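In what follows, a structure is listed as structure tokens, so that the remarks can point back to it.
The values are calculated or read from the model by the stated rules, or taken from the named source; none is laboratory data. What you see is a predicted model; the values in this text were computed from it and never measured. Glycine also receives a Cβ, built like all others from the backbone with ideal geometry; neighbour counts cover every protein chain displayed.
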């Protein structure tokens, strides 16, 4: 089913930004959204979504009430929401595994919306800019194509991406927005920043840099648990040498948009590299027994290691036996 705009079928053009000529309102609305004040999201009820991740939840979730992500330059952040059930998904797309990730999000949202007699699926797209390598527009085009070919009727509501998220400073193109968040209960979406990007941000960045190219769901709304599924990476005995390189070298070689990365970009990369040097064999030290790392929120809203409650069998196995 093709994308819907204003209740009518829309067939994306070869140049996805033809959208602006077909529907000038998107340019006006994107400019209005970009002019909104940036909100700083606290950790208490937040689930931060890292690059190549997505998360899905519902308004009745007592643990997570806000989904958000940032640090998107050429990357895109999409919000998919069913207006009837309120089921909401947010994803950070970097060009890898997009189709699989979007299809999984759609499947989750539709499953959670079964029984909703009213409402529709609405799509909001953010991120990218007029980068010199053309990576932003490639992701925008890919996203439009995937939703155009999906089996569900999806209504495009916000298109604040690529050309519509671009500004020029001293002759250099920059993204206007780097991050957004969505209030799951109300559906409000707003420009956002985040100080707390846990849990285990370096490990999740390792997946982006050295893991596979599949998008990953990181949250189970039914339990309120955050999960990092097991993954591995090849041995890299000399990777520590990257820590000796200057910031300019790291920025140039490990970014798709080195001129416009946030100022903490290099330190984030170094943290990920340190993780790899400390865990050269992740199947042994990070994911022993091929089990995921699981986290639960404490009262302060921080993600902590989850320790499942002991069962009667567990307790009996630890009790001393009589002689």
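Only residues that are over 15 Å from residue 146 (Cβ atoms), in contact with a helix residue (DSSP H, G or I) (Cβ under 9 Å, 6 or more places away or on another chain) and part of a loop (DSSP other than H, G, I, E, B): list them for segment 1-24, please. Matches in segment 1-24: 6, 13, 14, 15, 17. Counting only residues that are assigned to a strand (DSSP E or B) and free of Cβ contacts under 8 Å to residues at least 60 places away in the same chain, segment 145-161 holds 1 of them.
If you go through segment 25-42 one residue at a time, do you hit one that is part of a strand (DSSP E or B), out of contact with any helix residue (DSSP H, G or I) (no Cβ under 6 Å at 6 or more places or on another chain) and closer than 15 Å to residue 217 by Cα? For segment 25-42, residues part of a strand (DSSP E or B), out of contact with any helix residue (DSSP H, G or I) (no Cβ under 6 Å at 6 or more places or on another chain) and closer than 15 Å to residue 217 by Cα: absent. A count restricted to segment 210-231 and to residues that are at pLDDT below 95 and surrounded by 15 or more Cβ atoms within 10 Å (Cβ to Cβ) stands at 2.
Within segment 162-185, being over 16 Å from residue 36 (Cβ atoms), part of a strand (DSSP E or B) and either in contact with a strand residue (DSSP E or B) (Cβ under 9 Å, 6 or more places away or on another chain) or touching a residue at least 60 places away in the same chain (Cβ under 8 Å) (or both) holds for 166, 168, 172, 173, 174. For segment 230-250, what are the residues that are touching a helix residue (DSSP H, G or I) at 6+ places or on another chain (Cβ under 9 Å) and closer than 29 Å to residue 100 by Cα? Within segment 230-250, 230, 231, 232, 233, 234, 236 meet the criteria. Annotation note: Cβ proximity below 7 Å between a residue of segment 14-26 that is touching a residue at least 12 places away in the same chain (Cβ under 8 Å) and a residue that is crowded, with 16+ Cβ neighbours inside 10 Å and not in a helix (DSSP H, G or I) (sequence gap 6+ or interchain) occurs for 19/159; 23/5; 26/159.
Return a yes/no flag: does segment 4-15 have any residue that is farther than 21 Å from residue 152 by Cβ and buried (at least 20 other Cβ atoms within 10 Å of the Cβ). No - not one qualifying residue is present in segment 4-15.
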